[in-house]
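Please treat every number below as a calculation from the coordinates, not as lab data. Since the structure is predicted, the reported quantities are computational estimates derived from the model, not experimental observations. Note that each Cβ is placed from the backbone with ideal geometry, even for glycine, and that neighbours are counted across all protein chains shown.
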Number of protein chains: 2
Amino acid sequence: MAKIASLHPETPRRKDTTDDGALTRLQQLVADDMAEVNATILERMHSPVALIPQLAGHLIASGGKRLRPMLTLAAARMCGYEGLRHTRLAACVEFIHTATLLHDDVVDESSLRRGRESANAVWGNKASVLVGDFLFSRAFELMVEDGSLKVLKVLSRASAIIAEGEVLQLSTTNDLATSEEDYLKVIGAKTAALFEAATRIGAIVAERPSEEEKALLAFGRNLGIAFQLVDDALDYSAREATLGKRIGDDFREGKITLPVILAYRRGGDDDRRFWSRTMEDLDQRDDDLARAMELMSRHRAFEDTIARARHYGAMARDALALFPGSPLKLALAEIVDFCIDRAW
Amino acid sequence: MAKIASLHPETPRRKDTTDDGALTRLQQLVADDMAEVNATILERMHSPVALIPQLAGHLIASGGKRLRPMLTLAAARMCGYEGLRHTRLAACVEFIHTATLLHDDVVDESSLRRGRESANAVWGNKASVLVGDFLFSRAFELMVEDGSLKVLKVLSRASAIIAEGEVLQLSTTNDLATSEEDYLKVIGAKTAALFEAATRIGAIVAERPSEEEKALLAFGRNLGIAFQLVDDALDYSAREATLGKRIGDDFREGKITLPVILAYRRGGDDDRRFWSRTMEDLDQRDDDLARAMELMSRHRAFEDTIARARHYGAMARDALALFPGSPLKLALAEIVDFCIDRAW
């Protein structure tokens, strides 16, 4: 399968300064705090009901990047916070994220055939839902222990918005009338709401003025949108495919993401009939994913999705401008490029 | 189908003093407060995402008894509370209960065939899970608005315990080795934890001394256990069947409740083979439910489950003893009998 980049030689090459090193640098700067977060996570996902740590551990211990809690840690330290409250709140953020993943993976009758090895595939829908509920409740217990009503407000609001975004996404699924604005509303809620809460909490525990709190909120929000745009592009990435990563999940579910919206709107009648059959009727054949990717290439849908991500990434970096220079500020700015450049 | 009562003429008859009137009397005493609760529920289950109020309304507006929020209202007023905070907290309790119901109804692949008209049957598993998450988050937002860290602690703890209880129940399903103690652990967590939080909150908002808070906790807890015991008996009730109510759901799922535990343990080898085939292997035939009910009658499993409920009901009523006499105290005591006597 041809690499996307080779189809468009004018596309700028991956910059050397924004490779995986950015992630490593941020990880190193918050390594001690992250050790605390990991200890809290392990301790607090425990339950006498053995299935809970088993199932939660399957996801939590499976080596995600811990990007969201890392953002809380880095934001708090960049704001000069010297305590340890932020590590417990970072664990809350990760618990909420994990609960969301568990619930997001619950499948409907119609998509049971996907049969991938998510927690619900191993332990069943019901166990995934209930362990998600446990982690979610545990996150609130941790917040109550922290005792800040402001933090509780930020995270309970974020949780409600995430759920709203996920429901909104359900109603756009299989609907090609979904506009770019609808799509942005979905990802602003289902993904960016937790990113923005994660970074904002850093300013809150450091008791910084509202200007800085708003700046960190904007940083998280725009980074979250960029992150999801890239994620949605990657689901159609020929490069991911050549790396052996699974692609096409969104396609098989009929999830209407920006690459589809762009390719559909830019295409002719033939293209639209193809998108309608595959995404709305879910009538899919063996080579349909390849054809979808080919249409996206032809209409530059992949590249333009990444271009949109760069736009939000630029806003995220600019939101950091009012903070004085520091290794953490630099690392947070670099993580924006890392999140975008992982795409190709 | 014969009535259970007629099989055992020595079983005491339903008392005239504890008919549906007890529910009506309690409802009347808290009617004004409940109007506030209903207004809060309607207002706060709203979302710009239309599917959320649609799906939540399906369950919330379908005319449940609102027993749990009623307990919060009655407990607070019995404690002399004169404000309105308790109505918002009662709405939280109902939201948590509704979220639990939505998540509880999510089915696994194995039980899809049940196909009843719960929210998940109408809108799918995923929508039920996500709207449950929304209601759960909304409950925490309401609690944060109330601003009491103590209430937040009680309800976040209760939520975690409910989830633990539901997971524990999953692991006892289809397992006839489940003991009465295991079963009590499950219902103490999945049902009684919310009852006890609901009544305890009444004492907390009224700022009563810890002795009264503990008494209301004990009242709620024991009432919750009695309530679930009766609920589990009703799933095998010939009287319910003659009233046209659906019975046998627990049987079809292989849920190990006390009537099964008692009938299984008191039965001979033949009986045990029957229980093993139907509850563990879920190999069920048309007349198996009738046979299960016949075995329960023969071994007095139904009556003894109700007898256990009476034991917890007596403890619930005794927990009220330290409060001075009042119409609300009387109504709360009567509601215990109402919960038990609805069984036959």
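Annotations
- The alpha carbons of the range A:177-332 stretch over 56, 31, 22 Å along the principal axes, in descending order.
- Considering only A:Thr257, A:Thr173, A:Thr242, the mean-square fluctuation computed in a Gaussian network model of chain A, springs between alpha carbons under 10 angstrom, is largest for A:Thr242.
- As a rough footprinting exposure proxy, the listed residues A:Glu82, A:Glu36 were ranked by other beta carbons within 10 Å of their own, and the order from fewest upward is A:Glu82, A:Glu36.
- Over the protein assembly as shown - Rg/Rh using Cα atoms and the Kirkwood inverse-distance radius: 1.01
- Projected area, mean over directions - the range B:164-258, Cα convex hull, nm²: 7.2 nm²
- Which listed pairs, of A:Lys65/A:Lys245; A:Lys126/A:Lys153; A:Lys126/B:Lys185; A:Lys329/B:Lys153; A:Lys126/A:Lys214; B:Lys150/B:Lys255, have C-alpha distances above 27 Å, in listed order: A:Lys126/A:Lys153; A:Lys329/B:Lys153; A:Lys126/A:Lys214; B:Lys150/B:Lys255
- Translational D in µm²/s for the range A:193-241 (Stokes-Einstein at 20 °C, 1.002 mPa s, Kirkwood Rh from C-alpha pairs): 183 µm²/s
- Max mean-square fluctuation residue, GNM over chain B, Cα-Cα springs under 10 Å, options B:Ser276, B:Ser297, B:Ser148: B:Ser148
- Considering every alpha-carbon pair of the range B:15-341, the percent of pairs per 20 Å bin, from zero through the bin containing the longest distance, is 31, 58, 11, 0.
- Relative contact order (%) - chain A, alpha-carbon pairs under 8 angstrom, separation at least six: 22 percent
- Plainly put, the tip 7 Å out from Cα toward Cβ on A:Arg246 is 3.3 nm from that tip on each other copy, the closest given first.
- Copy-to-copy label distances for A:Ala290, where each label lies 7 Å from Cα along Cα-to-Cβ, are 6.0 nm in order of increasing length.
- Ranked A:Ser179, B:Ser159, A:Ser128, criterion: other C-beta atoms within 10 Å, fewest first: A:Ser179, B:Ser159, A:Ser128
- Residue exposure proxy: B:Met143, B:Met78, ordered by other Cβ atoms within 10 angstrom of their Cβ from fewest to most, comes out as B:Met78, B:Met143.
- Of B:Asp304, B:Asp318, B:Asp281, the residue with the greatest mean-square motion in the GNM of chain B, using alpha carbon springs below 10 Å, is B:Asp281.
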